[in-house]
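Below you'll find the structure, written out as structure tokens, and then a few comments.
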Amino acid sequence: MVLLGVNIDHVATVRNARGGLLPDPVDAARIAEAHGADGITVHLREDRRHIKDMDLTRLRQSIATRLNLEMAATPEMVDIALDTMPEMVTLVPERRQELTTEGGLDVIGQFKRLGPFVCALQESGIPVSLFVDPNPEQVSASADVGAACIELHTGDYAHAWHRSPNAAQQAPLRQLFESAELAHQLGLMVNAGHGLDYENVKPVIAMPHLHELNIGHSIVAHAIMVGLGDAVAQMKVALGAPVSHQWRSESKNPAR
Ligand code: PXP
């Protein structure tokens, strides 16, 4: 079954809106893990707009599953990763003005710059995943630069879904599947994520060789309505997990 990495950035976004301590991302990680999260993902952004350095330190100490640190490829971030030793680093492009990560990494265009970062992290025992668009040239370059894994950007597919679920299941989904197949042939592990929700995720889980999905916004948004535990458990069901009696009677499941 496809694994679920729960991105808890927006728990920190809510906390930061008041500048206090609540809701605590560490508590959120604990609840997500207790309800089936296979890993916890956070994005330490240059401007620290959601997760902050202290969150990362505390998460490292408390996470019982796996910590996936999303970050820009910069010397500052690599130093932080080497101090934190997450189970995986996912390198993402970062522009200060964007609301969220908007496109995949240009691995081809930044090949020379990315290589030393990938090498430094992996030689220290941290597997590196590159967040890339479902484009065969970017996938091939990811293998050539030495990454262990790619995370396929599902944003275009998700946008297409909002316009027309049927159309999304044609070209955008096919591009994802073909990129996943190529990545596997090149020896890369395949993750995916961005813009996935309880409905549009269902066709995605048929992606060949898919290891893990990283999902944040839709889970945190649903958590406001039903609680984080149920929101995570319901996403696990959308990914194919059996319905757990823990939450079945507690709230309506949008995944069915
Ligand atoms: N994967 C990557 C690389 C991301 O940057 C994000 C957003 O931070 C996600 C997955 C999760 O996207 P969403 O919040 O839309 O589920």
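The values are calculated or read from the model by the stated rules, or taken from the named source; none is laboratory data. This one's a predicted model, so the numbers in the text were calculated from it and none came from an experiment. Please note: Cβ atoms are built from the backbone with ideal geometry, for glycine as well, and neighbour counts cover all protein chains shown.
Taking E94, is it in a loop (DSSP other than H, G, I, E, B), touching a strand residue (DSSP E or B) at 6+ places or on another chain (Cβ under 9 Å) and acidic (D, E)?
Numbers: in a loop (DSSP other than H, G, I, E, B): yes; touching a strand residue (DSSP E or B) at 6+ places or on another chain (Cβ under 9 Å): yes; acidic (D, E): yes.
So E94 passes the test.
Just checking, how many residues over segment 161-219 are hydroxyl-bearing (S, T, Y) and touching a Pro at 6+ places or on another chain (Cβ under 8 Å)?
Counting residues in segment 161-219 that are hydroxyl-bearing (S, T, Y) and touching a Pro at 6+ places or on another chain (Cβ under 8 Å) gives 2.
Would you confirm whether any residue within segment 67-85 is at pLDDT below 95 and either aliphatic (A, V, I, L, M) or more than 27 Å from G240 (Cβ to Cβ) (or both)? Quick ask: steps written out before the conclusion?
As a first pass, look at segment 67-85 and keep what is at pLDDT below 95: none.
For segment 67-85, residues at pLDDT below 95 and either aliphatic (A, V, I, L, M) or more than 27 Å from G240 (Cβ to Cβ) (or both): absent.
State all residues of segment 180-227 that are more than 17 Å from the chain's Cα centre (by Cα) and among the aliphatic types (A, V, I, L, M); if no residue qualifies, say none. Selection gives L182, A183, L186, A206, A223, I224, M225, V226. Could you check segment 34-66 and list, in sequence order, the residues that are closer than 19 Å to V2 by Cβ and not small (G, A, S)? Within segment 34-66, H35, D38, I40, T41, T65, R66 qualify.
Residues that are polar (S, T, N, Q), surrounded by fewer than 16 Cβ atoms within 10 Å (Cβ to Cβ) and within 23 Å of H153 (Cβ to Cβ) within segment 105-125 comprise just one, Q122.
Residues that are more than 16 Å from V11 (Cβ to Cβ) and under 16 Å from the mean Cα position of the chain (by Cα) were ranked within segment 30-64; the one that is farthest from the ligand (Cβ to nearest atom) is G36. Cβ-Cβ distances below 8 Å connect the following pairs, each with a first residue in segment 79-93 that is over 15 Å from P116 (Cα atoms), a second residue that is in a loop (DSSP other than H, G, I, E, B) and of a type in the set (D, E), and a separation of six or more residues or different chains: P93/E102; P93/D106. Would you confirm whether any residue within segment 20-40 is over 23 Å from E102 (Cβ atoms) and at pLDDT below 95? Yes, segment 20-40 contains at least one residue that is over 23 Å from E102 (Cβ atoms) and at pLDDT below 95.
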